[in-house]
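J.: Quick one: the structure is below, and I'll ask about it shortly.
The values are calculated or read from the model by the stated rules, or taken from the named source; none is laboratory data. Predicted, not measured: the structure shown is a model, and the values here were computed from it. Note that each Cβ is placed from the backbone with ideal geometry, even for glycine, and that neighbours are counted across all protein chains shown.
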Amino acid sequence: MTDKTKILIAVGGTGGHVFPGYNLLKHLAEQKYSLELVTDIRGFKYLNNVRDLDISILPSSPIITNNIFKFVYSFIIIFYSILRAIFFLIFKRPSVIFGMGGYASFPLCIAARILKIKCIIYENNLIIGKANKYLLPFANKILVSVKDVKGIPLKYQKKVFPIGNIIKKEIINISKNEKSSTDKKINILILGGSQAAKIFAETLPKIFQDCLLQGVSLKIFQQCLPTQNAQLKSFYDSINIEFEIFNFSNNLINYFSKVDLAITRSGSSMLAELTNASIPFISVPLPSSAENHQLKNAIYYKEKNFGFLIEEKELKDKLPDLIKNFYKNKSFLNKIKQCQSQFSDKNVYNNINQILKDLLNEKN
């Protein structure tokens, strides 16, 4: 590897693709690679406030099969995107493409195959995503967060390498608080992307009010949409609950030392971050997630005793009793912390270094 070794990181249009890609980029920058991140318009919105980052935007589209006209249109967009990606790669001349999942990564990885550029794909969910599934035959290496990822045929298993979750190094290296929580009040962190922020802001405050009326002492740290700030503040003031409202933040680690419990969607990166930080969580899967992958993520972490699972339709019925049980007996949370403290993704970046070194030394 030399200073001139160039790597392109292609990420899809959701935070679950963008943030692992950004974490990977920061790590590889420390290794002195020449780097560029490629995404589409949806993915760029997560990065438009990031400075000193070389970003390119290419068009992308999912394959739409439920309507003939939409299918033809999506096929044209994908074909056009692959052509653009070919010319883009000829101009950029990278040594390796990292595809982090999502349809924005698909054209670049296909173009890489055509141009005989080495390609690595990464899957952080418990079931292979659609874009990555299409790319399995073309990838040189298939990196997965855990060995239990479903949907990868046996014929591709020799290319599969479990490496861990590509999350922030600050979280991997966080000092875990293994002491039992003795403060009677329960401090709860509410997390989620735009869809979760909206639903949680509409549903959870009334549940917290019910808990207060039954003698449960709470402090709430809630992520919400900017348009919900005033409404949430007004409601929490009216019920006399301690709270802190914040909007989208890249510095969630600042809240981790303040809370006993998190309520979150079931994106793989967020569940991994909370587990590495030893924060018990209640995961609420997004019902519309592709292949129902968020439910699969939540079940996996629940079975490992790293957190709890409540489906969105069951929040009003199950969440109040669960919070009351935590309030009466914090040993439930402490047991989860003890299980989480045995888990770490500390080797993920060393694993990437070795796999990348081996791939760069391989002859085409």
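J.: Would you point out the residue of the range 129-162, among those that are modelled with pLDDT of 95 or more and closer than 26 Å to SER278 by Cα, that is surrounded by the fewest Cβ atoms within 10 Å (Cβ to Cβ)?
T.: For the range 129-162, the residue satisfying everything is PRO162.
J.: For the range 32-52, give me each residue that is surrounded by fewer than 16 Cβ atoms within 10 Å (Cβ to Cβ) and in contact (Cβ under 8 Å) with a residue 24 or more places away in the chain.
T.: If the condition is that a residue be surrounded by fewer than 16 Cβ atoms within 10 Å (Cβ to Cβ) and in contact (Cβ under 8 Å) with a residue 24 or more places away in the chain, then LYS32, ILE41, VAL50 are the ones that fit.
J.: Which condition number in (1) under 22 Å from the mean Cα position of the chain (by Cα); (2) surrounded by fewer than 19 Cβ atoms within 10 Å (Cβ to Cβ) is the one that ILE336 fails?
T.: (2)
J.: Now for a separate question. Out of the range 163-211, which residues are out of contact with any Pro (no Cβ under 9 Å at 6 or more places or on another chain), modelled with pLDDT of 75 or more and in a loop (DSSP other than H, G, I, E, B)?
T.: If the condition is that a residue be out of contact with any Pro (no Cβ under 9 Å at 6 or more places or on another chain), modelled with pLDDT of 75 or more and in a loop (DSSP other than H, G, I, E, B), then ILE163, GLY164, LYS168, ASN173, ILE174, LYS184, LYS185, LEU191, GLY192 are the ones that fit.
J.: Regarding the range 236-245, can at least one residue be identified that is outside any helix (DSSP H, G or I), within 25 Å of ASN48 (Cα to Cα) and at pLDDT below 95?
T.: Kept after step one, since they are outside any helix (DSSP H, G or I), are these residues of the range 236-245: 239-245.
When the remaining residues are screened for being within 25 Å of ASN48 (Cα to Cα), the result is 245.
When the remaining residues are screened for being at pLDDT below 95, the result is 245.
Within the range 236-245 (the criterion being outside any helix (DSSP H, G or I), within 25 Å of ASN48 (Cα to Cα) and at pLDDT below 95), the answer is yes, since at least one residue qualifies.
J.: Given (1) on the phi < 0 side of the Ramachandran plot; (2) in contact with a strand residue (DSSP E or B) (Cβ under 9 Å, 6 or more places away or on another chain), identify the lone condition not met by ASN329.
T.: Single failed check for ASN329: (2).
J.: Now a separate question. Of the residues ILE263, ILE299, which single one is more than 19 Å from PHE19 (Cα to Cα), at pLDDT 90 or above, assigned to a helix (DSSP H, G or I) and touching a Leu at 6+ places or on another chain (Cβ under 8 Å)? Before you say what the answer is, go through the steps one by one.
T.: Numbers: ILE263 fails: assigned to a helix (DSSP H, G or I).
Within the list ILE263, ILE299, the selection yields ILE299.
J.: Also: Does the range 268-275 contain at least one residue that is modelled with pLDDT of 95 or more, over 21 Å from LYS133 (Cβ atoms) and assigned to a loop (DSSP other than H, G, I, E, B)?
T.: no
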